[in-house]
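The values are calculated or read from the model by the stated rules, or taken from the named source; none is laboratory data. None of these values were measured; they are calculated from a predicted model. Here Cβ is always computed from backbone atoms with ideal geometry, including for glycine, and neighbour counts include all displayed protein chains.
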Amino acid sequence: MMNPESDHPSSPRQRKIGIAVELSEESAFTVRWAVDNYIRQGDDIIILHVSPTAGLFGADWGYYPLQTQPPYTTASIFSKVADLGKPLKEAGFPHTIHTVKDYDKRERLCLETQRLNLTALIMGFGDGSVSDFCVHHCVCQVVVVRYPDGPGSVEGTRAAPIVTFKSRTDDDEEIDKAKTALTASVHHQHIKAMDSVSKQPLLFCPRAYFTNNEEDFRAMQFREPPNLSSPSFHLTSLVLGNDFNITRKYYYDRHGKGFIKGHRPNKQCEICSKSLLGTTFYSCTLCLRPSCSPLQSSVLSRSSGYYHEACIEPISKHPYHPKHALRFRYESGQICLSCSTFKDFAYHCSICNFTMCQDCAREPPLFAIDYPKRHEHTLFYFQRKGSLICDVCGLSDGRSLLYSCVKCNFVVHKECVYFPCIIKISRHEHRLSFNSSLTPEQWLCGVCRESIDTNFARYSCVKGCSFAVHSKCATRKDVWDGKELEGEPEEDESLYIFKSFNEISDGIIEYFRHKSHHMRLDEDTNRAFDEDKRCRACTFPICDDLIYSCMQCDFILHQTCAHLPPRKQHATHPHPLLLLVDEEHEDYFQCTACKRESNGFAYTCCARDCNFTLDVSCASIAESLIHRFHPHPIYLIHESTAQEFCSICGQLIGHRLNCGECRFALCFGCATLPNKLRYKHDEHFLIFSYDEDFSGSQESGPHLCEVCEKQANPKNGVYMCNDCNVTLHVECLLGKEMYMMPIGGLISRNVNVDILPNNRLTRNICQRCHNRCQGKIIFKARDRSTFLCSLFCCLTKSWVDRDT
């Protein structure tokens, strides 16, 4: 046995060591290991035991009597724990015994560790559940000793326990893997780095620290398993039983590698983007060196590598959540329970699923709210939430901060206290006012189409329309623009209503986006079909529709498209949309609703820093729709977190139309397909058909597409001519890039690319994928003999490299 006095260096600070024990042989072995290899004179030693509360075990079906837990008394438990501490007494180490009762041993150990302010906790492995929980959630160092031949031990190491360190150190020496208690000198190297801890610093590099777990970090960042022997490897794993162990230290060492703490005034914090001047910060030198080349491009791998100490240190106790420590972590889309905003970096308690953003965590806590607009009395912070229902939104959200009135039975979420009084949403033409009074009417929410409980607050039309919305639905970001309109005069909407063309004479107009030429109304519905002639607005081929055609060029518009308003409010977006036209035809856009690329007209949001765009077909979809393939009305829904599959095409969708009575869902792409189209090899119109009950066993048998000769299933929507028994897939008739017209071009990788009709007798070879170009359009590099089959191939860099 090593001599603690001679083998361990002295430390100016006294360590407070906890040994978690159970009434088992493994715990006795853990205490013996701690005496032999870890504890030194001067340590404050506490033997910690959590005994379960009384309960039933051994229950089974049948007549067997239920056996209760053995009736250990407090005295008998204390006596058994004292027996486990005999090695400490024999070695001359003073110690105290601390026993508590709790039904949740894992959580109670973490709480006692924090309450007793332990420097380190030593414990046995057991079945791995308790030790693994403590490793991830204790705020101090955790040393896990695995009993020889126990779970997770290595064959051939009967007399050699595996010891795993999870350390939060601020010493100059590295902590390496302690696999066996071979010699006192070996263990001296591991334990030396844990001798002095003034506070609880970070365990490892913030890049790994921010991730939800280390397995996710490893899978996300590394193309292949990193070389553990390489000095550039800097991932610390807290998962017991694998080969990834601590290779990090807290201060800068003479080799210039590891985790450092210091001052660097010319850099900015990765979290708050403020200067590091005059502050204490964290950094990982390995992340700042070229040796980090295995990292893939991601949010974490592009980080600057510097972090304010105040930005990322754990918070041991917060007034809003005093029970557990809050750990700073990275996870996309975390919701702060105080301000209800989405944050990627936030403080989090994994035990309670409590999340708070950095700004709210650093602000002084708000224990009382005096807001007469919402409630006449002062509201006080209510710590124990349980399943209380908010009197404003009518929801029970255990993750939100609650405030209650001590004078009356009123409970409200913090974010619901400050709901606006007057708002304007995208789903209604008039303003809405906040209303908390009880009414006998039955309402349906104008956003989610669910019933409204009039016992709770809601928003209703200020002009008396039969329109109401849940308070939560009305304040959604995709519905409300975030402006409080109380006291603001109403805008005169007539100022924004104006025609998109001037009528020159009977049937002749001047379109506001084609003023150089006049356009004439063409009422001939029996014109010859040319699939290359398309409406410049919606990009669909011209069939038997009334059209306006330019008298001097090939500019064509459907009559309905010519009447599109230059400015409109659409139910899918809270801001007004403006009609934009690329007159040079040198660009394209992607529709936010249907996700298809187009070079036609676009309705684009006019708000700053908002990239919302709709093609004119999707912009024509109303909030409620009667579709010929469904007997019930369908309504506009957008829930990015709860996507569904389109009932026709089967694609996973966010923006969609849902039936309020059944599970029918329709994507914008299917909802905007023309009812009828022409096919150059058929004299009749092809009608868009959908049969949800089609099985392929009818008398007509399975349908085959005329173009690709593959099976065409009416359950997924097809174009059919019943007179000629012709069936085509939607993409085979309109093309894969069905909203891209063979006009103009685009710029790809600094190369001008023309968009041409693919009507040659021979199909060109795509420069990128080396397949024949089969689509309706083809992309040709200007000033080169290079052809590309699709927009995907066109936007890929590899074809430019090959061509050069």
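At a glance:
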| item | result |
| --- | --- |
| Any hit, the range 93-101, residues being farther than 23 Å from G126 by Cβ and either of a type outside the set (V, I, T) or modelled with pLDDT under 85 (or both) | yes |
| Which numbered condition L379 fails, given (1) within 30 Å of I351 (Cα to Cα); (2) modelled with pLDDT under 90 | (2) |
| Pair list, Cβ under 9 Å, 6 or more apart: the range 133-161 residue assigned by TED's automatic domain parsing to the domain that holds L118 and acidic (D, E), other residue modelled with pLDDT under 80 and assigned to a loop (DSSP other than H, G, I, E, B) | D149/T157; D149/R158 |
| Test set (1) touching a strand residue (DSSP E or B) at 6+ places or on another chain (Cβ under 6 Å); (2) under 27 Å from Y381 (Cβ atoms) - R431 fails condition number | (2) |
| C724 being assigned to a helix (DSSP H, G or I) and either of a type outside the set (K, R) or at pLDDT below 90 (or both) | no |
| Answer residue from the range 644-665, given it is of a type in the set (A, V, I, L, M) and in a strand (DSSP E or B) and is nearest to C594 (Cα to Cα) among those | I653 |
| Scope the range 93-134; condition among the small types (G, A, S), in a helix (DSSP H, G or I) and surrounded by fewer than 21 Cβ atoms within 10 Å (Cβ to Cβ); matching residues | S129 |
| Residue under evaluation H570, criteria (1) free of Cβ contacts under 8 Å to residues at least 60 places away in the same chain; (2) not in a strand (DSSP E or B), criterion not met | (1) |
| 2 or more residues under 30 Å from H318 (Cα atoms): qualifying strands (runs of 3 or more DSSP E) within the range 383-473 | 402-405, 410-413 |
| Pair list, Cβ under 8 Å, 6 or more apart: the range 528-540 residue without any contact (Cβ under 8 Å) to a residue 60 or more places away in the chain and surrounded by fewer than 21 Cβ atoms within 10 Å (Cβ to Cβ), other residue acidic (D, E) and assigned to a loop (DSSP other than H, G, I, E, B) | K533/D554 |
| Hey, C793 surrounded by 15 or more Cβ atoms within 10 Å (Cβ to Cβ), outside the structural domain of Y588 (by TED's automatic domain parsing) and in a loop (DSSP other than H, G, I, E, B) or not | no |
| Filter result for C610 (outside any loop (DSSP other than H, G, I, E, B) and either assigned by TED's automatic domain parsing to the domain that holds T539 or modelled with pLDDT of 85 or more (or both)) | no |
| Residue under evaluation N752, criteria (1) exposed (fewer than 15 other Cβ atoms within 10 Å of the Cβ); (2) not in a strand (DSSP E or B), criterion not met | (2) |
| Criterion violated by H518 - all others in (1) at pLDDT below 90; (2) surrounded by 14 or more Cβ atoms within 10 Å (Cβ to Cβ); (3) more than 36 Å from the chain's Cα centre (by Cα) satisfied | (1) |
| Hits in the range 547-577 - residues which are surrounded by 15 or more Cβ atoms within 10 Å (Cβ to Cβ), within 22 Å of K515 (Cα to Cα) and of a type in the set (A, V, I, L, M, F, W, C) | I547, C550, F555, I556, L557, C561, A562, L564, L577 |
| Test: residue in the range 473-490 that is outside the structural domain of P576 (by TED's automatic domain parsing), touching a helix residue (DSSP H, G or I) at 6+ places or on another chain (Cβ under 8 Å) and either farther than 14 Å from I422 by Cα or touching a residue at least 12 places away in the same chain (Cβ under 8 Å) (or both) | yes |
